[in-house]
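Below: one structure, written as structure tokens.
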Amino acid sequence: MKPGFTLRPAVEPDLPDIVRLIRGLAEYENLLHETTVSEDSLRTPLFGPLPRACAVLAEVNAQPAGIALFFYTFSTFKARSNIFLEDLFVEPAHRGAGIGLALMRHVAHRAISENCRFVEWRVLNWNRPSIDFYQCIGAEPITDWHTRQLGGDALAALAEGHTHG
């Protein structure tokens, strides 16, 4: 049976839908208050002369209903690229139709075809449906590394030569 959706690379005219889907993910994750994404802020990183990220859209009836947005990282130990999946989101009305799995397969296929070592992503610790989905496809938690983030005043202070504490 043919799926009721198609996947395709995002193009610049998709920016309104990309923003809508990102905001939908932010709302689902209870992080909408932190979201400042706009069409203008995404234009250059996705479609400029030196793109920093890639997006694949899942369409249902020619309307974007899901997205995988990713970028490349690099392993110096192995001298190979990896893919970091920044966003995977399917609108609630279209969940359960295999769209998330198809988007993950697409990213996995790209990783294999480009000789990447792995695909990596983050998932919020309370997001049990996503954790269960990722477990079903064979993803394993990374337990021996801590994720850290430097931003805001601390980032500016370090850039200016100051340390915190």
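The values are calculated or read from the model by the stated rules, or taken from the named source; none is laboratory data. On a predicted model such as this, the values are computed, not experimentally measured, just so you know. The protein model used for the area step is the full one, side chains on, heavy atoms only, and it has no ligands, DNA or RNA in it. Shrake-Rupley method; radii C 1.70, N 1.55, O 1.52, S 1.80 Å.
Here the Kirkwood formula puts the hydrodynamic radius of the range 1-72 at 12.9 Å, using every distinct Cα pair.
3J(HN,Hα) couplings calculated from phi for the range 66-74 with the Karplus curve 6.51 cos²θ - 1.76 cosθ + 1.60 (θ = phi - 60°) are, in sequence order, x, 8, 10, 10, 8, 8, 9, 10, 9 Hz; Gly and Pro show x.
Can you sort Trp121, Trp145 by solvent-accessible area, 1.4 Å probe, largest first? If you can, show how the numbers build up before the last one.
Working: Trp121 55, Trp145 195 Å².
Heavy-atom accessible area, descending, gives Trp145, Trp121.
For the range 43-50, backbone phi angles converted through the Karplus equation (6.51, -1.76, 1.60; θ = phi - 60°) give residue-by-residue couplings of 3, 5, x, 9, 10, x, x, 10 Hz, Gly and Pro being listed as x.
Per DSSP helix of 4 or more residues, -39500 (n - 2.57); summed, then divided by the residues of the chain. What does that give at 222 nm, rounded to the nearest 500? My calculation for the chain gives -10000 deg cm²/dmol from helical runs alone. With a 1.4 Å probe rolled over the protein heavy atoms of all chains, the accessible area of Tyr134, Tyr72 falls in the order Tyr72, Tyr134, largest first. Expressed as a whole percent, the proportion of Cα-Cα pairs in the range 50-161 lying more than 24 Å apart is 37%.
Any chance you could give the angle, 0 to 90 degrees and rounded to 10, that helix 15-28 forms with the longest Cα principal axis of the chain? Tilt of helix 15-28: around 70 degrees. For the range 10-165, with all protein chains in place and a probe radius of 1.4 Å, 54% of the accessible heavy-atom surface sits on carbon or sulfur.
Remark: the range 113-125, residue by residue, has Karplus-estimated 3J(HN,Hα) of 5, 9, 6, 7, 6, 7, 10, 10, 7, 10, 9, 5, 5 Hz, where x stands for each Gly or Pro and the curve is 6.51 cos²θ - 1.76 cosθ + 1.60 at θ = phi - 60°. If the chain linking Thr147 and Lys78 were pulled fully straight, counting 0.36 nm for each residue of separation and taking away their Cα-Cα distance, it would gain 22.8 nm. Near the amide H of Thr73, within less than 5 Å, lie the amide hydrogens of Asn82, Ile83, Phe84, all on another chain or at least 5 residues away, with H placed in the peptide plane.
Heavy atoms of the protein chains alone define the surface here; on that basis the range 43-137 has 59 Å² accessible area per residue at 1.4 Å probe size. Taking 0.36 nm per residue of separation and subtracting the current Cα-Cα distance, fully stretching the chain between Leu158 and Arg117 would add 11.6 nm.
Counting heavy atoms of the protein chains alone, Glu39 has an accessible area of about 80 Å² for a 1.4 Å probe. Remark: relative contact order (the range 19-101) = 24 percent; criterion is Cα-Cα distance under 8 angstrom and separation of 6 or more residues.
Could you list log10 I(q)/I(0) for the range 66-119 at q = 0.22, 0.30, 0.31 Å⁻¹, which the Debye formula gives when each Cα is one point scatterer? These q points yield log10 I(q)/I(0) values of -0.77, -1.13, -1.17. Just checking the listed ones, Thr35, Thr143, Thr44: in the Gaussian network model of the chain with Cα springs under 10 Å, the one fluctuating most is Thr143.
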